[in-house]
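Asker: Dropping the structure in here first, questions after.
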Amino acid sequence: AQSVTQPDIHITVSEGASLELRCNYSYGATPYLFWYVQSPGQGLQLLLKYFSGDTLVQGIKGFEAEFKRSQSSFNLRKPSVHWSDAAEYFCALDSWGKLQFGAGTQVVVTP
Amino acid sequence: GAVVSQHPSRVICKSGTSVKIECRSLDFQATTMFWYRQFPKQSLMLMATSNEGSKATYEQGVEKDKFLINHASLTLSTLTVTSAHPEDSSFYICSARRDRGLNEQFFGPGTRLTVL
């Protein structure tokens, strides 16, 4: 069965430090993967997506993600975090046209 | 481009009443729209998928008579929570996709429903 796992429920990072959010998936075919960000009380904004091709994907707001088939992972990274990056981040897998979301990772940015 | 709106953003109602939430794709035609429910501090759970002009497909465990979905046009889908009860209080988010098959979903800003 397909699944998306975000092992870290909560991450605290200092402003200016690097950030990496983990995402592991289970899927029988080539996965189509997404990272979304949600600010409090808001809908979701797409950061980036992977369908095929280059395994290093660039997104908006300085984010990137690397697809690693051998590790069934699609980790999100940002070299230098800004206070405005504090939000909830969701990894998602497209399964027959429907999105299945991970549990989310809450990112807190400290001064 | 690809903006999705929801109305209202917040609604408070009494137990037993019905509430309608609208989801509109403002600058594109959405052949498919999705409705999600999100409880506090939790992830999004897909409730149903609606295709324009046809009946919605509900996920397992979602009461179709409780959550009525209508996708009457390529730019509008509505979710009606009938005879709402406090346990229906939640954050409801819609998304829209341009065409069938693999494509990005664009999300609305969500509607906070509180049932007293």
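The values are calculated or read from the model by the stated rules, or taken from the named source; none is laboratory data. Note that the structure is a prediction, hence the values are computed from the model and not measured. As a convention, Cβ positions derive from the backbone with ideal geometry for all residues, glycine included, and neighbour counts pool all protein chains shown.
Asker: Among all residue pairs at least 6 apart or on different chains, which show Cβ distances below 7 Å where the first residue, located in the stretch B:104-115, is closer than 12 Å to A:Gln45 by Cβ and more than 7 Å from every other protein chain (Cβ to nearest Cβ) and the second is surrounded by 21 or more Cβ atoms within 10 Å (Cβ to Cβ) and among the β-branched types (Val, Ile, Thr)?
Answerer: B:Phe106/B:Val4
Asker: Moving on to the next point. Scan the stretch B:53-68 and report the pairs whose first residue is without any contact (Cβ under 8 Å) to a residue 12 or more places away in the chain and whose second residue is part of a loop (DSSP other than H, G, I, E, B), with Cβ atoms within less than 8 Å and a gap of 6+ or a chain change.
Answerer: These pairs meet every condition: B:Tyr58/B:Lys64.
Asker: Out of the residues in the stretch A:45-74 that are crowded, with 18+ Cβ neighbours inside 10 Å and under 15 Å from A:Tyr27 (Cα atoms), which is nearest to the chain's Cα centre (by Cα)?
Answerer: That would be A:Phe74.
Asker: I would also like to ask the following. So which residues in the stretch B:39-50 are of a type in the set (S, T, N, Q) and under 11 Å from the mean Cα position of the chain (by Cα), if there are any at all?
Answerer: To start, the set of residues in the stretch B:39-50 that are of a type in the set (S, T, N, Q) comprises B:42-43, B:49-50.
The answer is B:Thr49, B:Ser50.
Asker: I need the full set of residues from the stretch A:1-30 which are touching a helix residue (DSSP H, G or I) at 6+ places or on another chain (Cβ under 8 Å) and without any contact (Cβ under 8 Å) to a residue 60 or more places away in the chain, in order please.
Answerer: Kept after step one, since they are touching a helix residue (DSSP H, G or I) at 6+ places or on another chain (Cβ under 8 Å), are these residues of the stretch A:1-30: A:15, A:19, A:24.
Once the filter is applied, which keeps residues that are touching a helix residue (DSSP H, G or I) at 6+ places or on another chain (Cβ under 8 Å) and without any contact (Cβ under 8 Å) to a residue 60 or more places away in the chain, the stretch A:1-30 yields only A:Asn24.
Asker: Here is a further query. With the requirement that a residue be outside any strand (DSSP E or B) and modelled with pLDDT of 95 or more, what does the stretch A:85-101 give you? If you could, list the steps in order and put the result at the bottom.
Answerer: Restricting attention to the stretch A:85-101, the residues satisfying the condition of being outside any strand (DSSP E or B) are A:85-86, A:96-97.
Listed by number, the residues that qualify are A:Asp85, A:Ala86.
Asker: May I pose another question? Which of (1) in contact with a Phe, Trp or Tyr (Cβ under 7 Å, 6 or more places away or on another chain); (2) basic (Lys, Arg); (3) farther than 20 Å from A:Gln100 by Cα; (4) buried (at least 19 other Cβ atoms within 10 Å of the Cβ) is the odd one out, the single condition B:Arg24 does not satisfy?
Answerer: All conditions pass for B:Arg24, except number (1).
Asker: Do the conditions hold for B:Lys14, that is, is it surrounded by fewer than 13 Cβ atoms within 10 Å (Cβ to Cβ) and within 30 Å of A:Phe51 (Cα to Cα)? Break it down into steps so the answer makes sense when it comes.
Answerer: Details: surrounded by fewer than 13 Cβ atoms within 10 Å (Cβ to Cβ): yes; within 30 Å of A:Phe51 (Cα to Cα): no.
In short, no.
Asker: Now a separate question. Looking only at strands (runs of 3 or more DSSP E) that lie completely in the stretch B:35-101, which have at least 3 residues being surrounded by 14 or more Cβ atoms within 10 Å (Cβ to Cβ) and within 11 Å of chain A (Cβ to nearest Cβ)? Quick ask: steps written out before the conclusion?
Answerer: Working: elements: B:44-51, B:67-73, B:76-81, B:90-97.
Qualifying strands (runs of 3 or more DSSP E): B:44-51, B:90-97.
Asker: I'm trying to understand the selection: among the residues of the stretch B:1-52, which are among the polar types (S, T, N, Q), in contact with a His (Cβ under 9 Å, 6 or more places away or on another chain) and closer than 27 Å to A:Thr105 by Cα?
Answerer: Within the stretch B:1-52, none qualify.
Asker: Can I ask one more? Mind listing whichever residues of the stretch B:14-63 are β-branched (Val, Ile, Thr) and touching a Leu at 6+ places or on another chain (Cβ under 8 Å)?
Answerer: Initially, the stretch B:14-63 is screened for residues β-branched (Val, Ile, Thr), giving B:17, B:19, B:21, B:31-32, B:49, B:57, B:62.
Across the stretch B:14-63, the qualifying residues are B:Val19, B:Ile21, B:Thr31.
Asker: Evaluate the following for A:Val57: is it more than 18 Å from B:Glu104 (Cβ to Cβ), away from chain B (no Cβ under 11 Å) and outside any loop (DSSP other than H, G, I, E, B)? Outline the logic, then answer.
Answerer: Working: more than 18 Å from B:Glu104 (Cβ to Cβ): no; away from chain B (no Cβ under 11 Å): yes; outside any loop (DSSP other than H, G, I, E, B): yes.
In short, no.
Asker: Does the stretch A:30-42 include one or more residues that are away from chain B (no Cβ under 14 Å), loosely packed, with under 15 Cβ neighbours inside 10 Å and out of contact with any Asp or Glu (no Cβ under 9 Å at 6 or more places or on another chain)?
Answerer: The initial filter retains those residues of the stretch A:30-42 that are away from chain B (no Cβ under 14 Å), namely none.
No, the stretch A:30-42 contains no residue that is away from chain B (no Cβ under 14 Å), loosely packed, with under 15 Cβ neighbours inside 10 Å and out of contact with any Asp or Glu (no Cβ under 9 Å at 6 or more places or on another chain).
Asker: Return the residue satisfying two criteria in turn: it lies in the stretch A:84-104 and is farther than 22 Å from A:Ala1 by Cα and buried (at least 17 other Cβ atoms within 10 Å of the Cβ), and of such residues it is nearest to the other protein chains (Cβ to nearest Cβ). Before the answer, list the steps.
Answerer: Of the stretch A:84-104, the ones farther than 22 Å from A:Ala1 by Cα are A:84-89.
Checking which are buried (at least 17 other Cβ atoms within 10 Å of the Cβ) leaves us with A:85-89.
On the way: A:Asp85: 19, A:Ala86: 15, A:Ala87: 13, A:Glu88: 9, A:Tyr89: 11 Å.
This residue is A:Glu88.
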